[in-house]
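Here's the structure, in structure tokens; my notes come after.
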Amino acid sequence: MLALAGGAEVVARCMNCRTLIVAVALIAVRLVVLFASAEPKAYDTVFYKGKAAGLKIVFEFGQSHVEASNVKITESASGKTTKFYLSGRDGEMGTGKMRFAPIKGAKKEVLLEIDPFGDPRSTVKGSYTTAGKTVPFTLTKRKKH
């Protein structure tokens, strides 16, 4: 009978330990989720928008991760959108400019007057070149996309 009483005590202790372990694990999971959701992104994106000569221009500037920056130009007449990616950054080092080109077809280019490592300004001047024609434009900083 004593063996059974001792066994019951061990089982009760194990149940209390198991409950304690589960409670600690749940608290740890909640803390991890809380801190993970409060962690900032690896980089902040600053959005700019503008229009010029029948074009709608959107610039997404990856402030701390310049390579994530891109430009989208939509032609109002056709509705066709071309996405431009950072290209030839080495050629613009120290010039305060960023050059963008589409993946397909090198006949189009966007050149922006912005320091890739500086603080985002409220406006960005640039130009869009296609088929030998250059269209200047000014983009305005927006809070979100």
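Fully extending the segment from Thr81 to Val66 would add 3.2 nm, taking 0.36 nm per residue of separation and subtracting the current Cα-Cα distance. Accessible area per residue was computed with a 1.4 Å probe on protein heavy atoms; Lys97 scores about 80 Å².
When nucleic acids and ligands are ignored and a 1.4 Å probe is applied, Phe59 ends up with an accessible area of around 0 Å². Taking θ as phi - 60° and the Karplus parameters 6.51, -1.76 and 1.60, the scalar couplings of the range 62-67 work out to x, 4, 9, 9, 4, 4 Hz in sequence order, x denoting glycine and proline.
Under a 1.4 angstrom probe, counting protein chains only, how are Arg99, Arg18 ranked by accessible area, largest first?
Putting Arg99, Arg18 in descending order of accessible area: Arg18, Arg99.
Surface listing: Ile103, Ile21, Ile73 arranged by accessible area from highest to lowest gives Ile103, Ile21, Ile73, probe 1.4 Å.
Filter the cross-link list Lys72/Lys143; Lys107/Lys143; Lys104/Lys141; Lys108/Lys143 down to pairs whose alpha-carbon distance in this structure exceeds 24 Å. Exceeds cut-off: Lys107/Lys143; Lys104/Lys141; Lys108/Lys143. Ordered from highest to lowest accessible area with the whole protein assembly present and a 1.4 Å probe, Asp44, Asp119 read as Asp119, Asp44.
The values are calculated or read from the model by the stated rules, or taken from the named source; none is laboratory data. What you see is a predicted model; the values in this text were computed from it and never measured. Heads up: the accessible areas ignore ligands, DNA and RNA and are worked out on the full protein's heavy atoms, side chains in. Shrake-Rupley method; radii C 1.70, N 1.55, O 1.52, S 1.80 Å.
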